[in-house]
Structure formats: C-alpha cells, structure tokens
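What follows is a single structure, written as structure tokens, with notes after it.
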Amino acid sequence: MENWEKLRLEMLEKINAVRNEKEMEQLRVEILGKKGVIQGYMSRMRELSPEERKEFGKSVNELKNSVETYMKTVHAKLKEAALEEAIKREKIDLTLEGVKPYNGSLHPLDLVQQEIEDIFVSMGYSVVTGPEVEINLYNFERANTPAGHPARAMQDTFFIDEDRLMRTQTTAVQMRALEKYHDHLPIKIICPGKVYRRDDDDATHSHQFSQIEGLVVAEHITLGDLKGTLELMCRRMFGEEQTIRFRPSYFPFTEPSVEVDVSCPFCHGKGCNVCKGSGWIEILGAGMVHPKVLSAAGIDPEKYTGFAFGVGVERIAMLRYGVDDIRDFFQNDVRFLSEFNREE
Ligand code: DAH
C-alpha cells in the first residue's frame, strides 16, 4: 500500500516550489492531467481486489481533491502577484513633463493675405487668381500701357521672351477678369498673388513680392465707394480710429488715380520715424477704372464705372507687425517665422 500522506506532502511541496503560472500549468498536467500521476493510480485499480479497490480509490480521490484545492489556491496567488507586477512595470508617470511637439505656423504674409481676403469676402467679393507668367496683353496693353508708353518704365520687368514676362502687377488679373466677366456684371473681386520686378533687393525692395488687387465694376460706382471701402479695410487691419487720405497720382489704367495714405499706426498721426514725421503712411494705389480699360474689355464705359486698387501685402505686414526689413519675409528663419504662431 502507498503512503498517501507522504505522497500528498511531496505534491504540496512541489506546488509550493512553483514560481509562475506557466510552471503551475506544467505541474497540473504532470499531476492531474490525463497521463498524470493521479490518473496513473486510477488505472492501477483494475489490478486490485474489490475490497482493496474501494480503499485505494478513496485514498486516490482524497489525494486528488487535496492537491487540486491547494493548487487552485496557490495559482490564484500567483495570478494576483503577476498582475501586481504588471501594474508596477507598466506604470506611467503622469507627473513627467512631455516633449512639446514643434508646431508649424502660417507665414505672416499668408496671415495678412487671409485677413484681407476675409474682409472683402465678408463684403461679397470673390477671390480670383491668374498666372504669374503673363503676356504683354494683360500685364500692360489692356491696362492702357501700350508698347512705348513711358509708364512701362515704372515697373522694371523680367521678360521671358518678347511677349512673355513675369507679371509685374496683379492688375494683369484685373484685366483678365474684366475680359472674362464683361457680360456678367457687376464684378466684385480681389486678386491676391505674387508679382516680380527687376529691383535690387534691399530693406524695402524685393524682386518678388505680393499684391492684392481689388476691382468693382457696376453701374453708379464712384470714388466715394472706393474711399469707403478702403477706409473699412484699413480700420479692420489697423484699428477703428484709423483714417485714410487720397493724394492725386498717376496710373495709366485709372482716371482719376490716387495714392492712399493711412494715418500712421505707430504714432496715430503725431509724427514718428516710421512715418518720417508726416503722420501718414502710403499703403496703396487706386483709382477709377479708365474708360479705355473698360472698352478694351468690351464693357460700355458710358453705362458702367468701376474702381480698382492694388495693395502691397509685404507693406501691410511690415506695418502690421513692425517688421523693418522686407527680406525677413523671404529668408525662412524659423526664429522670425515662429513669432507669428498664433497658437502660443
Ligand atoms: N498696379 C499698381 C502697381 O503695381 C497698383 C495699382 C494702382 C493697382 C492703382 C490698381 C490701381 O488696381 O487702380 O503699382
């Protein structure tokens, strides 16, 4: 006969020695599995006499129950320990400061352009664009600046060949729009875009810069409409207390032509070094669309009138943000650009 108690203690000992759930499973198969030790005893019962078998069977069952219960208890403890261990290992220290991701930001020129677009779109204008590589027709001729006209010299041009050039003004887009929409009046558009001039770059000149052209053509449009519109734009851009003034000027495509000054946003008209003591800063050119420009596009100047303006985006951005060198906009220095990150 077996020493059941010794056997039981040996098994419990083995269970105690188990270190993890995996080992426990191995031991369970070894003792309680189909080919395990207990099953081994069960199959030996056939060889015994009926009396012996009863006694033997009872002992095997007791052994089995005892071992099984103890195994379960130890298994539960191991499981709990494993969980605690995992919690400890996977613990996230929420007090640790994270690494701040680098945020991109819109370019200051885009910010200004978007702001101006928003102002005009809110007044019912559409945004229209055109090609940067232009032909004489739209950049000059339709703008009442035929070949040989002295006004062509006002803008030093990058020519690609005799007829093609880098547009010197978004007025070219105005001319395209007049042609395209001449029988879909009224026209109320702004045209933002890059323009090019053969200038030497310095603090106030760049061979490439941006303009926003404005154009309204309808019946009964007057210089007063132009003034009201530009005044509204300036107040939105530089503050409600801003005023503007018109000075007579000359552009071949407008008559009359004006240059528009805004009261200096830095000294509010008192006079400072930015406005050179005058209290005014020139910000754009404008005028009433020349009758010749309207007729060339197929619009009857007796019936329709219009105003137009062209504003330099860099100039507005420089005044708006107090930037004193236009080249800063084009050097892509992150230290400069990140100044305009509105998220911060
Ligand atoms: N195209 C002019 C320039 O680049 C600016 C301008 C002046 C545009 C008067 C206009 C205008 O539409 O009416 O200097």
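The values are calculated or read from the model by the stated rules, or taken from the named source; none is laboratory data. These numbers were taken from a predicted model, which means no experiment stands behind them. Note that we place each Cβ from the backbone using ideal geometry, even for glycine, and neighbour counts take in every protein chain shown. All accessible areas refer to the heavy atoms of the entire protein, side chains included, with ligands and DNA or RNA removed. Shrake-Rupley method; radii C 1.70, N 1.55, O 1.52, S 1.80 Å.
Which aspartates and glutamates have a Cα less than 18 Å from the Cα of residue 6, not counting those fewer than 8 places away in the same chain?
30, 55, 62, 68
Sketch the reach of a paramagnetic label on residue 184 as a point 7 Å from Cα along Cα-to-Cβ, and name the residues of the range 106-129 whose backbone nitrogen lies under 15 Å away.
Within reach of a label on residue 184, which here means backbone N under 15 Å from a point 7 Å along Cα→Cβ, the range 106-129 contributes 125-129.
List the cysteines in the chain whose Cβ has no other cysteine Cβ under 4.7 Å from it.
Taking the Cβ cut-off of 4.7 Å, the unpaired cysteines of the chain are 191, 234.
If DNA, RNA and ligands are ignored and the probe is 1.4 Å, what is the ranking of 324, 93 by accessible area, most exposed first?
So, going from the largest accessible area down, we get 324, 93.
Could you tell me how many degrees, from 0 to 90 and to the nearest 10, lie between the Cα long axis of helix 171-180 and the main elongation axis, the longest principal axis, of the Cα atoms of the chain?
Value to nearest ten degrees: 90.
Report in % the part of the accessible area of the chain that belongs to carbon and sulfur, leaving out ligands and nucleic acids; probe 1.4 Å.
Heavy-atom surface of the chain belonging to carbon and sulfur, 1.4 Å probe: 51 percent.
Mark the label point 7 Å from the Cα of residue 147 along Cα→Cβ and return the residues of the range 164-196 whose backbone N is within less than 12 Å of it.
164
Using R₀ = 51 Å, calculate the FRET efficiency as 1/(1 + (r/R₀)^6) where r is the Cβ-Cβ separation of residue 225 and residue 100; round to 0.05.
Values: r = 49 Å, r/R0 = 0.96.
About 0.55, to the nearest 0.05.
Residue 241 to residue 161: FRET efficiency via 1/(1 + (r/R0)^6), r the Cβ-Cβ distance, R0 45 Å, to the nearest 0.05?
With a Förster radius of 45 Å, E is 0.35.
How long is the range 108-340 along each principal axis, judged by its Cα atoms, biggest number first, in Å?
Reported extents, whole Å, longest axis first: 48, 41, 30.
Between residue 39 and residue 330, what is 0.36 nm times their sequence separation minus the Cα-Cα distance? Round to one decimal in nm.
96.2 nm
222 nm [θ] for the chain, helices only, -39500 (n - 2.57) per DSSP H run of 4+, per residue, to 500?
-12500 deg cm²/dmol
Hey, any idea what the orientation-averaged projected area of the convex hull of the range 223-319's Cα atoms comes to, in nm²?
Taking a quarter of the hull surface, the average projection is 6.5 nm².
Rg to Rh ratio, the range 4-90, alpha-carbon atoms and Kirkwood radius?
Radius of gyration over Kirkwood radius for the range 4-90 works out to 1.12.
Using only protein heavy atoms and a 1.4 Å probe, report how much of residue 44 is accessible, in Å² to the nearest 10.
Surface open to solvent at residue 44 totals about 100 Å².
Which lysines have a Cα lying under 16 Å from the Cα of residue 303, excluding residues fewer than 8 positions away in the same chain?
Counting by Cα, and skipping residues close in sequence, residue 303 has these lysines nearby: 292.
Could you give the spread of the C-alpha atoms of the range 33-79 along their three principal axes, from largest to smallest, in whole angstroms?
Largest to smallest, the principal-axis extents are 43, 19, 8 Å.
How far is it, in nm, from the label point at residue 49 to the one at residue 72 when both lie 7 Å from their Cα along the line to the Cβ?
So the label points at residue 49 and residue 72 sit 3.7 nm apart.
Mind checking the full-extension length gain between residue 267 and residue 25? Use 0.36 nm per residue of separation minus the Cα-Cα distance, one decimal, nm.
Length gained between residue 267 and residue 25: 78.6 nm.
In Å², what does the accessible area per residue of the chain work out to with a 1.4 Å probe?
Values: 20080 Å² over 344 residues.
That works out to 58 Å² for each residue.
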